[in-house]
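K.L.:
Before anything else, here's the structure in question.
All of the numbers you see were taken from the coordinates with simple rules; none came from a lab. All figures in this text were calculated on a predicted structure; none of them were measured in a lab. Note that we place each Cβ from the backbone using ideal geometry, even for glycine, and neighbour counts take in every protein chain shown.
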Ligand code: SF4
C-alpha cells in the first residue's frame, strides 16, 4: 500500500477531533512511556500538552544528548536556480512574480562551492525552483557529479522526480532528498498551489515512496507551518514518517519545521505558530522518535534559534543565502524568503560552542573512509 492509499483511508476531521480531545491524562501517559506511538504523538501535539512544555523540553534534551551527544551537523543550502513553473502564493520564486530569473552555470557553481568550502562546510543542500525543462534531471546529474567532488554529503530540495531519476542521482553520489508536503490538508493545499505540477497533491504525496524505492539514504519530510492548523499537519507528517520508517527501513529520516515567512508577493500565516508552539513541536517529535534528524534553518530569529538548539535539533544552517549565486553576489533581492538570523557560519559555530554544543562540519562516514 502506498502512502496515498493509506492517506485516503484517514478521516482528517475525525483525526482533528481526536487531537483536540486529548486530555492531560493522555499527555501524562505519553510522557511516562519508554517508547511512543502515533497516539502518544497526538497527545504531545495537542493543546493539552501546553502545560507540560517544561517537562517535555527536559526529556527531549536528555534523549537528544543520549542519542547524538552534543553534536549538531552544519550544512548550507546552495540555490541553483529561481526559475519556477509553479504558482505557490507563499513563495518569492512563484512564476508570476516579476523577478530576474537565474540558473547557475558550472563556473558559478564552482565559485559558490569554493566559498562554502572556505567556511569549512562539508554538507550541502542543493535547492532550485521547479522547472522540469530548464532545470531538470540532466542539469541535476551534472551538478550532483560536480559538487560531490567538494562535499561529502549532498542533498537536494528540487521538484519531485521519478523513481528512476532519483536512482540515477543516487548512483552519482546523492545522499539525501528533502520533499515537503507543505500541508496534508488537500483543500488548503489547493488554495496555495494554484498552477503547475506542484498543484498535484497526490503526486507530491507519493514522492517519499519513490525515494524509498530508489534507495535514497536519507529522506526529509516537512510541512510549511502556518498554511493551516499546524497541530494537524504535524500529526499527519508523523503518520507519514511512521509509514516510511516501517516500509523503507533502510533509509534514514529527517524533518524540517519551517514557519511561514514573508517573501516577495507572499501571504501571511493563516494559523500562526507561536514560539512556544514551535518548542512543543520539536519536543513532541523528539519524544516520538529519538533517532530522527531535526533540522533548523535561518528562518528563525537569532536568539530564539540559540534557545531551540539543545532541545532536539541535529542539523543547522548558518550564514545561508536563499538566492541563486547569493554567496558570490550577496543581496541581489532574488531571495525565496527572508532569513532572520544573518550570522555567518564561524560566528554561529562559536555561539554553539559557548553553549556546550559541538558544531560538526565533517560527515562521519567520510571521516571513517579517509
Ligand atoms: S515553493 Fe517551490 S514550487 Fe512553489 S513557487 Fe516556490 S520554488 Fe516554485
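K.L.:
On full extension of the chain, what length is gained from residue 343 through residue 302, given 0.36 nm per residue of separation minus the C-alpha to C-alpha distance?
P.N.:
14.0 nm
K.L.:
Then there is this: If you count, for each residue, the other Cβ atoms within 10 Å and average over each peptide, how do 268-280, 207-219 line up from highest to lowest?
P.N.:
Answer by packing, highest mean first, reads 207-219, 268-280.
K.L.:
Please report Rg over Rh for the chain, where both radii come from the alpha carbon positions and Rh follows the Kirkwood definition.
P.N.:
Ratio of gyration radius to Kirkwood radius: 0.94.
K.L.:
Oh, and also: By how many nm would the segment from residue 99 to residue 172 grow when fully extended, if each residue of separation counts as 0.36 nm and the alpha-carbon distance is taken off?
P.N.:
23.0 nm
K.L.:
At 222 nm, what value in deg cm²/dmol follows for the chain if DSSP H runs of at least 4 each add -39500 (n - 2.57) and the sum is divided by all its residues, to the nearest 500?
P.N.:
That comes out to -12500 deg cm²/dmol.
K.L.:
Taking 0.36 nm per residue of separation and subtracting the Cα-Cα distance, what length does fully extending residue 114 through residue 362 add?
P.N.:
Between residue 114 and residue 362, full extension yields 87.7 nm more.
K.L.:
Okay, moving on. FRET efficiency for residue 55 and residue 355, Cβ-Cβ distance as r, R0 = 30 Å, nearest 0.05?
P.N.:
After rounding, the FRET efficiency stands at 0.90.
K.L.:
Could you work out the relative contact order of the chain? I mean the mean sequence separation of Cα pairs under 8 Å and 6+ apart, divided by the number of residues, in percent.
P.N.:
24
K.L.:
Ok, one more. For a quick check: sort 167, 193, 329 by the number of other beta carbons within 10 angstrom, fewest at the front.
P.N.:
Least to most surrounded, the residues fall as 329, 167, 193.
K.L.:
Separate question: What list do you get for 119, 249, 230 if you sort them by fewest beta carbons within 10 Å?
P.N.:
249, 119, 230
K.L.:
What order do you get for 100-110, 64-74 when each peptide is scored by the mean count of other beta carbon atoms within 10 Å, highest first?
P.N.:
Taking the mean over residues of other Cβ atoms within 10 Å, the ranking is 64-74, 100-110.
K.L.:
With both bridge residues required to lie in the range 3-369, what share of the DSSP beta bridges run antiparallel, to the nearest 5%?
P.N.:
Close to 10 percent.
K.L.:
Kindly put 304, 285, 7 in sequence by how many other C-beta atoms sit within 10 Å of each C-beta, fewest to most.
P.N.:
Arranged by neighbour count, lowest to highest, 304, 285, 7 become 304, 7, 285.
K.L.:
Relative contact order (percent) for the range 41-120, with alpha-carbon contacts under 8 angstrom and 6 or more residues of separation?
P.N.:
20
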